[in-house]
Amino acid sequence: MKTQFFRVLALLSAMMLAGCDYGDRQFDEDRTKALQNPDAFQAYQQLNKDAEKNCHPGVFRATCSEEVHTAYQQLALSVYRTALNRRSPAAFIDLFMRDDPPEELQSRMPQLAEELINLATHSAGDRSSARLLATAAHVLERGQWVQKDSVRAAAFFARAWLAYDTKVPASLSRLYSEQHDEASALLWRLRCIGDCYDKLETADDPATLSPREILRIQSLAKDRSIITVNGQANWEAK
Amino acid sequence: MNILVRVAIVALFLLQTLAVMAGSSTSRSSFKSSSGFAARSPSYRPSSTGSAPAYKSFRPESGSSATTAGGNGSPAGRVNSTSPGYRPSPSARQSLLNNSGPQPSPRLQTIIREKEASGPGWIGTAALVWLLSQHDLSDSDREWINSRLREANSDSSSEQPAPVSGQSDVSFQWAIPSHIVSGLPVKIVVTAVRYRKAVLPSCELDDVKSVPENNAAVLNWTPEDTFSAVASCRAEGWVDQRLLAVLK
């Protein structure tokens, strides 16, 4: 009786140990794949999936050891840094769209923000650049890692809009509204249609504008080259 | 005996389960208490969806968090190109041709009408300066433009009234070619008016700075490797910007 009990105990212990070995082996395979991937940010994303698959705990399922967890963590950070060093737009977008940057990168954030803006400045302005342009715009609008610059932010937002980012008008409407430029805020509010519309803080026309100005701005909004209104709202009152 | 074996199996099963849960707990807390990187990584979140890290939710939600492909807003507009079918007919008071005096050649009249119909921004001194920059003008047309330019600079009646308090008191007029093609030089002319007086704006577009010409700021720019650019002009503390789309 006792012998059988200990046999079962030994068998189950062996199963648990085998699970740990499996985690280690799997990590080695995942690391090799990640290091061979020429796209470092893609490798980082894959590593996250691998780690979840390998280390996510579950009944009757192998879980990796604490050491393997740490190894995944360190490797992910290393690959992420590589992606940033290689100026991967996707990595920069990921970094600056997080609520908080990784602590390891906090001290580099101002420098990385400058690099993001530089990348956006030299981007082609096509569809694939839209998110990069909008991310740079947000960084300049917020002023957390670089000095706030609403003019440059508006320029990046506008280029993102031309690159088919349809929610940008809501951001530009907010930007001008915060600057108390109600005419330009209305111009962009009028352009905020479809999936953008729900993002608007307000859909009302500002009380500071006259009916004639509001109609004039509606006309100006059809000219997609116009970003700011300034005195144009009064043009027909000449 | 059987009872003992069953108890042992159940005990070991519970032991394994507890060990797995403990491992999970320690591993999560270890990521959280670590220097913070992987703790924010999607794979260490309990969600099985491989969800994204906590990303900024801009106020209101920004375009940057949106997928860009397949947007249905179709901002396919090009420079000064208005949406299809939008051809505002300038009011009679706005047209450069609304003058009881001598008229330019029929060819120039056609050009002016086409440009004025191309958008609300093409008007005023900037338009005249732009016309003047065209190389194939006859002497009489050139003289007509110059006379209109002198008129515009001296005629205070053509200026706008004071704007609503708090709004910009500077009006910028832009003359932008209707098509901007990559690799081909373009001339963009900008003028500004404040309280019935022309003010000289200062403009920039990428690395290009404007040069003054007849009370106008002129940008000579050759687009390369881009589908878009933004020209920014400043006058009397106000900033005016235009979005330029480049055809490849």
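Laboratory data are not the source of any read-out in this text; all were calculated from the coordinates shown. Everything numeric here is computed off the predicted structure, so don't read it as measured data. When we count neighbours, we look across all protein chains shown, and the Cβ atoms used for this are built from the backbone with ideal geometry, even at glycine.
Of note:
- For segment A:117-238, the number of Lys pairs separated by eight or more positions or lying on different chains, with C-alpha atoms closer than 23 Å, is 6.
- Stretchable slack from A:LYS148 to A:GLU104, in nm (0.36 nm times residue separation minus alpha-carbon distance): 13.4 nm
- Whether segment A:150-206 is rounded, prolate or oblate, judged on the alpha carbon gyration tensor where a/c under 1.5 counts as rounded: oblate
- Scattering curve values for chain A, log₁₀ I(q)/I(0), Debye with Cα scatterers, q = 0.09, 0.15, 0.16 Å⁻¹: -0.56, -1.00, -1.07
- Calculated from backbone phi, Karplus (6.51, -1.76, 1.60) coupling profile of segment A:34-42 in Hz, x at Gly/Pro: 5, 6, 8, 6, x, 9, 5, 5, 5
- A simple packing score, the average count of other Cβ atoms within 10 Å per residue, orders the peptides B:242-248, B:209-215, A:134-140 as A:134-140, B:242-248, B:209-215, with the highest score first.
- Cα extents of segment A:43-155 along the three principal axes, largest first (Å): 57, 30, 23
- Backbone phi angles across segment A:195-206, fed through the Karplus curve with coefficients 6.51, -1.76 and 1.60 (θ = phi - 60°), yield HN-Hα couplings of 5, 6, 4, 5, 8, 5, 6, 8, 10, 7, 7, x Hz in residue order; Gly and Pro are listed as x.
- Per residue of A:196-205, other chain Cβ atoms within 10 Å of the residue Cβ number 2 on average.
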